[in-house]
1. Using just the alpha carbons, could you tell me how many Å³ per residue the convex hull of the chain encloses?
2. Bin width 10 Å, alpha-carbon pairs only: give the P(r) of region 1-48 as whole percents, running from 0 to the bin holding the largest distance.
3. Could you compute the longest span of the chain free of GluC sites (Glu not before Pro) located in DSSP loops and having at most 15 other Cβ atoms within 10 Å, not counting the site residues?
4. Charges on Cβ only, +1 for Lys and Arg, -1 for Asp and Glu, centred on the Cα centroid of the chain; of A4, V64, Q34, which one is farthest towards the dipole's positive end?
5. Label F27 and D102 with points 7 Å out from Cα along Cα→Cβ: what is the distance between them in nm?
6. For region 1-44 and region 72-88, what is the separation of their Cα centres, given in Å?
7. Placing unit charges on C-beta atoms (Lys and Arg positive, Asp and Glu negative, everything else neutral), compute the dipole magnitude of the chain about its Cα centre in debye, rounded to 20.
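What follows draws every value from the coordinates through simple rules; no lab data is involved. Everything numeric here is computed off the predicted structure, so don't read it as measured data. Don't worry about glycine lacking a Cβ; one is built from the backbone with ideal geometry, like all the others, and counts go over all protein chains shown.
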Amino acid sequence: MLCAVCGREGRGFCWVSPPRSEVKRQFKRFCSMQCQSLYAKRFKAGGGVVIDPTHNEKAAMEAVLPQLGEYVASIGMDKPLSVYSRAEILQLVDVVLTAYFDNLRDLTPEDVPF
């Protein structure tokens, strides 16, 4: 199963909703304690499905641009995306996702009391 926050492969961390007779229990997996904590904070705040990006998500999107630009420059600025190899596309996706989630985690306050 995939991480409920970042979409990476779940690695042993999970969350199960409190039992209620009228509703089927939710079960979520996470790739790390960081993602599990982010989900718990969002759930406690009453957040469910995020439609519009939050302020931190927008900032993380902006923070990806330098890494994306650096990668595209290393391939060649004149090379169209349509002629990128499969490996180049996969590396592009990895650069963007890694930078996005690293920045998102950095922007999340560490105010968990335990």
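1. Details: hull volume 17.2 nm³, N = 114.
Each residue corresponds to 151 Å³ of Cα convex hull volume.
2. 28, 52, 19, 1
3. Values: sites that count: E22, E110.
Result, exposed sites excluded: 23-109.
4. Final value for the positive-end residue is A4.
5. So the two model labels end up 3.4 nm from each other.
6. 36
7. On the way: 14 positive and 13 negative charges, 159 e Å.
Dipole size: approximately 760 debye.
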